[in-house]
Each structure stands twice: as structure tokens, then as C-alpha cells.
Amino acid sequence: MGRGDGVTERFDLIIQGGGLTGLALAAAVGGVGGRVLLVEERPLPVTTAARFDGRVTAIARGSKQALDSLGAWAGMADAAEAIREIEVGETDSLGAVHYDAAEVGGEPLGWIVPNQRIRQGLLAAIDAAGPAVTIAAPATITALERAGGGVEARLGDGREVRGALLAVCEGRFSATRATLGIGARRWDYGQTGLVCTFAHELPHLGRAVERFFPDGPFAMLPLPGNRSSIVWALENGLAKSVAGLDDAAFTAEVQERFGDGLGRLTLEGHRWSYPLILVWSHAYVAERAVLVGDAARGIHPIAGQGWNLALRDVTAIAEIVVDRLRLGLDPGSADALERYAAWRSFDSLALVAVTDGINRLFANDVLPLKLARGAGLALVERLPVAKRFFMRHAMGLVGDLPRLMRGEAL
Ligand SMILES: Cc1cc2nc3c(=O)[nH]c(=O)nc-3n(C[C@H](O)[C@H](O)[C@H](O)COP(=O)(O)OP(=O)(O)OC[C@H]3O[C@@H](n4cnc5c(N)ncnc54)[C@H](O)[C@@H]3O)c2cc1C
């Protein structure tokens, strides 16, 4: 390695990690003819199986526009439920904010899509890119060297490949991040996110609800039909006890928290648990490499923004790479990396701060804080300008957006 002697294949971009982020990046760059190698350590039949990921994702308007432009939305549209109202509040205070699609012209505020259907949609878009994208799965990179104005990687099967740029999409516990010399801060919230789907008797009318209980936030997210997904964050010990309940007792706990607004709840399928840990990388780039998605920073799911943020990373780096390829320039050069780091750092920092702040604020039961929270929520509710600002932010329509996020072609 290093002199390129044994290199058998050359790519514009090598992507390490085939989660939602890596798949979206492969679809974006491969979709316009960039040569991409996607390396995923798990076999595709494992990552695409229903049991692998029980989460749903709240897709903001900007993200939906990007998925549409990538040709991925068509493969998930029938599994997407439009969000028409969002209700955020505490159970034991008067403060609550209510967002309505009518306040922003009647268009949905976002969409809820099961992660496994997002995967399918992205894989279909990659398929449509034809030979531009090579998927190696299950596979890992066993040796990595940055040399001769590129990056050389040896795969587990002995193949040596070369790329102009490496995109690390390994998720928040990325090991390659450290190999590249990038450190990361880590904060364990001591919480676990319990996730599952319920069928209910009455229609949800496209209403997403987030309620803050003293022991953690609880979200109910609408799915097609009379079904909703819940994300229930609890302190680890309590989460373990709740997860250990049988289906009937667990359903009764959820019904008690959520009330009878949707009629009787019936658990659908499996229940999943996710540890909630904030990981925040010290840098997003190293020589010939970029961190993308949760590998750059993995945030608390309290605002449903993690993958929307990841998709803004994806569309930014895809635009930088593709623009340079079109001009015959090096997509992994230092100025390309600087552009990516500068473009993504503010948005990233803002969401780390906001999600961490909201979680801490609502996890605290001190009376003055409770009163301030209630007053804050009530104030936002009464100030149309502030409300619209928060809505447009949550819809992913604010800031220096990459072309794909604006619904334009790459
Ligand atoms: C409970 C919960 C609810 C959430 N809800 C929302 C929401 O509503 N909206 C939203 O926007 N976000 C949400 N998120 C966040 C969202 O799920 C993540 O941001 C997103 O899944 C990150 O995807 P990723 O591909 O970056 O990372 P990951 O999903 O972690 O994928 C990393 C991939 O890399 C592979 N990999 C790792 N190491 C290697 C290696 N060395 N070689 C090869 N492959 C490797 C792994 O096998 C995996 O496939 C939620 C998160 C949680 C926990």
C-alpha cells in the first residue's frame, strides 16, 4: 500500500458505513455518475431485515425535497405519513406549543417514515445509479493510508482500492474517526430510548405529540392508518424495568401516559431499545477524509433532527464533490475539505446545543425551571414571529442550504 502497486480499482469517493447516511451519500454522488465504493461491515440482508431497525424518522421538508431529487422518495412514499400538527408540552404545566400546517400555507410540517423504508428507497436509488456505485457488504477496511494525493484502502478480502476522498459514515461510535486522529467528546445521558409501534382505535389526524414527563420525554408519531410510533426516553434503570414488562403491562403503561385520546392501543410487533449518548467530534475533516452524519456528531433524538442534520451533511459534501468532478478538479483537496468544515460546523453546533439544552431543561424538576419552561412555551405559542421561526427551522428550510435540500438537482 501507499505506492498504488496493488490497487485494482479507483473511485472518486470511498464511503465507510452503509447506514442511512452512507446510503444517501452513495445515491447522491453515484446518481450523477461519480464512481463510489460503499463499504458496510454487515450483510445487506441483515441491515434490511425488519428486526434490524424499529425506528421511524421525522423527515423535515428540506430532507424530503432532497430524497425526492435523489429519486429515493418514490420508494418510501406509501409508508410516509404527513405531519399536519405538532403539539409540544409538559403534562403538569400550562405551557404548550401547538404548530399547525395551516400556519405555513397548509403544506405538511414533515413526514414520519419507518427507517427500513428509507433504507429501501435509498437502495432503489443506488440501484438506479447502475455501475457507478459498488457495494461491498459485508466488508471492512483493514488498512488505510493517505498517500499520493488520495486514500488507499485494503479490504478484508485483500482487494486494494484507491479513492480521492474517504467519507466516514460509521455512526456515532466510529472507530475510523480515532484512526484519522480526530477526537470526540462523549456525554452519556444515562437514558434509553424505547421504540415501538401501536395500532389505535381512533385516527391521529396527522398529529405528532411530544410530552415531557419528569422521567423523560415521550413522543407519539403518526404512521399510515390508525398507527403511531412511540419514542419514550427513560433513565436507564427505569427503561430496563419498563422494557422487561410483558406486552400487556407495557401497553398499559403507555396508555396511562398517553391517555385515551386515540382509543385503545394495541402493540404491533417488536420493541427496541437505544442507548442515548451524545458524541461530538472535535473536527469534521482530516487529510483526504470527512466525517458525515452521526460519525460527525450523534445527538439526542428529543427534537427528531439527527438524520435531518446528517442529510444536510450528505447534500453539502455531495455538492462539493460533484461540482469539483465536473470541473475536472480534485474532490478530496484541502480547499474542498475546508469548504465542508466551514459549511457544516454552525448547523451542527446549533443542534448539539439545542437538543442537549432541551433535554437538560425538561429533565429538571426544580420549581423555578418548571415555571420558566411553562412560561417559555406559552410565550413561543403567543409570538407568531418566534413560532414561525421555530417551525421553519424544524422544517429544515433555514440557513445556507445545499442545492438538493432546496429541491434542486445536484
Ligand atoms: C430512538 C431514536 C430516534 C430517532 N429519531 C429520529 C428522527 O425522528 N429524526 C431524525 O432526523 N433522526 C432521528 N434519530 C437519529 C437517526 O436515527 C440517526 O441520526 C441516523 O440513524 C444516523 O445514521 P448514520 O448512517 O449516520 O449512522 P448509523 O445508523 O449508526 O450507521 C452506521 C453504519 O456504519 C456501519 N459501520 C460501522 N463501522 C463500520 C466499519 N468500520 N466498516 C464498515 N461499516 C461500518 C454500521 O454497520 C452501520 O450500518 C433517532 C435516533 C434514535 C436513537
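The values are calculated or read from the model by the stated rules, or taken from the named source; none is laboratory data. Small disclaimer: the values here were computed from a predicted structure and weren't measured. All Cβ positions, glycine included, derive from the backbone under ideal geometry; neighbour counts span all protein chains shown.
Evaluate the range 12-26: report whether one residue or more is over 13 Å from ALA318 (Cβ atoms), within 18 Å of the chain's Cα centre (by Cα) and surrounded by fewer than 19 Cβ atoms within 10 Å (Cβ to Cβ).
So far as the range 12-26 goes, no, none of its residues is over 13 Å from ALA318 (Cβ atoms), within 18 Å of the chain's Cα centre (by Cα) and surrounded by fewer than 19 Cβ atoms within 10 Å (Cβ to Cβ).
Going residue by residue through the range 304-320, is there one that turns out to be away from the ligand (no atom under 16 Å from the Cβ) and either out of contact with any Asp or Glu (no Cβ under 7 Å at 6 or more places or on another chain) or not in a loop (DSSP other than H, G, I, E, B) (or both)?
Scanning the range 304-320 turns up at least one residue that is away from the ligand (no atom under 16 Å from the Cβ) and either out of contact with any Asp or Glu (no Cβ under 7 Å at 6 or more places or on another chain) or not in a loop (DSSP other than H, G, I, E, B) (or both).
Which number in (1) under 24 Å from the mean Cα position of the chain (by Cα); (2) closer than 23 Å to ASN308 by Cα marks the one condition that GLY183 misses?
Result: GLY183 fails condition (2) only.
Inside the range 1-20, can you point out the residues that are within 15 Å of the ligand (Cβ to nearest atom) and in contact with an Asp or Glu (Cβ under 7 Å, 6 or more places away or on another chain)?
GLN16, GLY17, GLY18
Touching a residue at least 12 places away in the same chain (Cβ under 8 Å) and either hydroxyl-bearing (Ser, Thr, Tyr) or more than 12 Å from the ligand (Cβ to nearest atom) (or both): does that describe ALA286?
It is true that ALA286 is touching a residue at least 12 places away in the same chain (Cβ under 8 Å) and either hydroxyl-bearing (Ser, Thr, Tyr) or more than 12 Å from the ligand (Cβ to nearest atom) (or both).
Taking interchain pairs and intrachain pairs at least six residues apart, which have beta carbon atoms under 7 angstrom, with the first residue in the range 164-185 and modelled with pLDDT of 95 or more and the second within 9 Å of the ligand (Cβ to nearest atom) and of a type in the set (Ser, Thr, Tyr)?
VAL168/SER174; VAL168/THR176; CYS169/THR21; GLU170/THR176
Name the residue that is modelled with the lowest pLDDT, counting only residues in the range 331-354 that are among the polar types (S, T, N, Q) and assigned to a helix (DSSP H, G or I).
SER348
Given the conditions (1) surrounded by fewer than 16 Cβ atoms within 10 Å (Cβ to Cβ); (2) in contact with a Gly (Cβ under 9 Å, 6 or more places away or on another chain); (3) in contact (Cβ under 8 Å) with a residue 40 or more places away in the chain; (4) part of a helix (DSSP H, G or I), report the number of the one that LEU202 does not fulfil.
(4)
Where residues in the range 290-335 are over 26 Å from ASP68 (Cα atoms) and surrounded by fewer than 23 Cβ atoms within 10 Å (Cβ to Cβ), which of them is farthest from the chain's Cα centre (by Cα)?
That would be GLY328.
What pairs come out if I take residues in the range 241-266 that are outside any helix (DSSP H, G or I) and pair them with residues that are acidic (Asp, Glu) whose C-beta lies under 9 Å away, six or more apart or interchain?
Between residues of the range 241-266 that are outside any helix (DSSP H, G or I) and residues that are acidic (Asp, Glu), the close pairs are LEU245/GLU253; LEU262/GLU201; GLY263/GLU201; ARG264/GLU201; LEU265/GLU201; THR266/GLU201.
Do you know which residues across the range 1-34 are assigned to a helix (DSSP H, G or I) and in contact with a strand residue (DSSP E or B) (Cβ under 6 Å, 6 or more places away or on another chain)?
Once the filter is applied, which keeps residues that are assigned to a helix (DSSP H, G or I) and in contact with a strand residue (DSSP E or B) (Cβ under 6 Å, 6 or more places away or on another chain), the range 1-34 yields GLY22, LEU25, ALA26, VAL29, GLY30.
Could you please let me know if PHE212 is crowded, with 20+ Cβ neighbours inside 10 Å, in contact (Cβ under 8 Å) with a residue 60 or more places away in the chain and more than 10 Å from the ligand (Cβ to nearest atom)?
yes
Of all residues in the range 27-70, how many are within 21 Å of GLY110 (Cα to Cα), more than 9 Å from the ligand (Cβ to nearest atom) and either surrounded by 24 or more Cβ atoms within 10 Å (Cβ to Cβ) or of a type in the set (A, V, I, L, M, F, W, C) (or both)?
Residues that pass the stated criteria total 5.
Determine whether ALA233 is part of a strand (DSSP E or B), touching a strand residue (DSSP E or B) at 6+ places or on another chain (Cβ under 8 Å) and either surrounded by 22 or more Cβ atoms within 10 Å (Cβ to Cβ) or of a type in the set (S, T, N, Q) (or both).
yes
Just to be sure before I move on: is LEU276 touching a residue at least 24 places away in the same chain (Cβ under 8 Å), near the ligand (Cβ under 9 Å from one of its atoms) and buried (at least 16 other Cβ atoms within 10 Å of the Cβ) in the structure I sent?
Considered against the rule, which asks whether it is touching a residue at least 24 places away in the same chain (Cβ under 8 Å), near the ligand (Cβ under 9 Å from one of its atoms) and buried (at least 16 other Cβ atoms within 10 Å of the Cβ), LEU276 comes out as yes.
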